[in-house]
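To keep things clear, I will list the structure first and then write my remarks on it.
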Amino acid sequence: MRFLAIISLLGLTFASMQATAALPADLALTPIPGTYSSPVALRAPRDGSGRLFIVQKGGSIRIVKNGALLTTPFLTVSVTTASESGLLGLAFHPNYGKVGLPHSDEFYVAYTQPSAAPRLGATPDQVIARYTVSANPDVANTSGTIVMRVPDLAGNHNGGDIHFGADGYLYSSMGDSGAQDNPYHFAECLWKKIDTSGSTCTETVGSTNYFLLGKILRIDVDNRGSAPTADMCGSSGINPAQYSIPASNPHVATTNTCDEIWDHGFRNPWRFSFDRQTHDLIIGDVGQGSWEEVDFHPTGTAGGRDYGWSRCEGRHYKDTAGSGTTCPATTSTFAPVIEYGHGANCAITGGYVYRGPIGVMRGTYFYGDSCSGILWYANATGATWDAGGQLNTGLPPAAIYGFGEDEAGNLYVTYAGGTVSKLTSDILFSDGFQL
């Protein structure tokens, strides 16, 4: 089904209003082979194989190879799937498939663990685990190693996305616990946040602590095996530690902080990505009652940014008194580069900056909403984002669960109903070759 790119603001507001690049008139969503069970992400290792790995919320990772869906899953992990829980993220080590380089057989998954004791009668921990591939490159070894364990309160707001940055470190997203109206202020606290202490960010010995929620984390998974330090909050009960803290993480020089934290002030950073060309970090953070947002962390800038939840929702006041769209300026937090209001919309699904073979689309950020099924686009130059528009397929909308890109930079969209589609066009490449 072909569709035109139609500019339609639909209540969206942006950091800057300027002309956006035209998209191909024949831009299409072309389904890839197979039907999938709640596909939340697509990943592709840069190993020259051309394979696509589809992450299914129920615990399995499927492979599309040479245009066909393989019968045997790459990996199946035991997870709990209550609410938004499940198998949520996959990241291949940058050296994956490069024989002779260290860690070339390793990949990481993020999931909700089914067997740990629940906190406050709710769901168990959010876990990051390391696995290796077997002698068969299409099947992983079944035994993994837990790298990080984060206590959680509920089955929603789990974050769960993981990616390696250009710096070689593993980044992961954690939601704020799922409690509405942010009663515990987890996203604001940098130390071992007590579950019932309101806005007070202090440690209590013997209390259940929810200390990494509402954050983007950054860890070094290559340098591991030492005893965990007091400020390695995600290594509780894991000894020797399966990661270390990068020296440039923002809270390393302080005491009584969780040193895994890269950025904070998020409600539910469900999907994020790195621009493969500029290496900027782009985060879709799910709002609560009124506003969804896209947050932006430029490459080369220090961590420790506060993106404002729940003093702000988007650019609007939530817990902090005020009116209008000046909340980030008032609170000295970082404003989103894009926000859009509710209505048919209710939960952003962060996407990717396109860097694939369709020349006119390069540099365009695509993202969606899991309630309305709307697929949007916007263009950016550094931190300046334009008005973009809506992609109108002419088809009934379907909930967008996730995005992904292949080795060549082609972009894919995963839908709740089980379809995974690729953005395609018959236009010429910018270098003159036919797509």
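The values are calculated or read from the model by the stated rules, or taken from the named source; none is laboratory data. Since this is a predicted model, take the numbers as computed values, not measurements. Glycine gets a Cβ as well: all are built from the backbone with ideal geometry, and neighbour counts include every protein chain shown. Note: areas computed on protein heavy atoms with side chains; ligands, DNA, RNA excluded. Shrake-Rupley method; radii C 1.70, N 1.55, O 1.52, S 1.80 Å.
Taking the range 48-163 and the strands (runs of 3 or more DSSP E) fully enclosed by it, the elements with 3 or more residues that are farther than 21 Å from Leu212 by Cβ are at 52-56, 60-65. Looking only at residues in the range 405-416 that are on the phi < 0 side of the Ramachandran plot and of a type outside the set (D, E, K, R), the one that is farthest from the chain's Cα centre (by Cα) is Ala408. Residues in the range 253-277 that are at pLDDT 95 or above and not charged (D, E, K, R): Ile261, Trp262, His264, Gly265, Phe266, Asn268, Pro269, Trp270, Phe272, Ser273, Phe274, Gln277. Residue pairs whose Cβ atoms lie under 8 Å apart, separated by 6 or more positions or on different chains, with the first residue in the range 249-269 and farther than 20 Å from Gly178 by Cβ and the second polar (S, T, N, Q) and buried (at least 23 other Cβ atoms within 10 Å of the Cβ), are Asp259/Asn249; Glu260/Asn249; Trp262/Asn249.
Every condition in (1) open to solvent by 40 Å² or more (accessible area, probe 1.4 Å); (2) touching a Pro at 6+ places or on another chain (Cβ under 7 Å) is met by Arg362 except one, and the failing one is (2).
Applying the condition of being modelled with pLDDT under 90 and within 25 Å of Ala227 (Cα to Cα) to the range 115-149 and asking which residue is farthest from the chain's Cα centre (by Cα) yields Ala117. Within the range 299-313, the set of residues being in contact with a helix residue (DSSP H, G or I) (Cβ under 8 Å, 6 or more places away or on another chain), part of a loop (DSSP other than H, G, I, E, B) and either modelled with pLDDT of 95 or more or not hydroxyl-bearing (Ser, Thr, Tyr) (or both) comprises Gly308, Trp309, Arg311. When you scan the range 386-409, how many residues do you find that are touching a Leu at 6+ places or on another chain (Cβ under 7 Å), modelled with pLDDT of 75 or more and more than 19 Å from Leu88 (Cα to Cα)? Qualifying residue count, the range 386-409: 2.
Is it the case that some residue within the range 319-334 is in contact (Cβ under 8 Å) with a residue 12 or more places away in the chain, among the acidic types (Asp, Glu), open to solvent by less than 10 Å² (accessible area, probe 1.4 Å) and more than 15 Å from Ile216 (Cβ to Cβ)? No: zero hits. In this structure, does Ser38 turn out to be under 24 Å from Ser235 (Cα atoms) and either at pLDDT below 95 or open to solvent by 30 Å² or more (accessible area, probe 1.4 Å) (or both)? Spelling it out, it is not the case that Ser38 is under 24 Å from Ser235 (Cα atoms) and either at pLDDT below 95 or open to solvent by 30 Å² or more (accessible area, probe 1.4 Å) (or both).
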